[in-house]
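Have a look at the structure below before the remarks.
Here, each number is a calculation from the coordinates, and none is a lab measurement. Here the structure is a predicted model, which is why all the values come from computation and not from measurement. Cβ placement follows ideal geometry from the backbone for every residue including glycine, while neighbour counts extend to all protein chains displayed.
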């Protein structure tokens, strides 16, 4: 019964974002992802630490993740990711969906911006797959917040993905255990005219489209913003 109710909640949330994607929808998401990063990095005293961005293998942003439920909770959103290439530049964006649920005292619906920083090769390998589960095959933890990471370097040890959320102007790490990340072929086809694999896109085999330049620029600029405010 619990599982059935959870499925109903997730399907209800997902119906808000699972509609067929047009190129305009995907372009709007790229622009929203860029804006999300810019707003986070322009916060006067909190943000993703410079040390985290310096070590990032990939950056993934979900500009709008819908969370909600009544006792049973669910979350769903569409995101975009880019990975650092051997020459130091960033790859064309790959698209994904994120879906999950939880159990507890909760009610209502909330729109959350999500940022995931992939910190090592193992985390990147998960992102190249068609589907993986955070907290299952992929380890993740709520990332440190501030202009500099704390002296406690536990976040560096064996952490594949650092996760952050922003809601109602508040920015903090977030626990995404049990959440599934899946390749978004619908959005990929809408943007590129072909359903490229994540491996092809994130390894630099696909050219960065003009519509993604603002997002890629925001990723490139993020660490400089972190330095500026440090």
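Things to note:
- Pairwise label distance in nanometres, residue 125 with residue 23, each label 7 Å out on the Cα-Cβ vector: 3.7 nm
- Here the spin labels are modelled as points 7 Å beyond Cα on the Cα-Cβ line, and at residue 42 and residue 207 they lie 3.1 nm apart.
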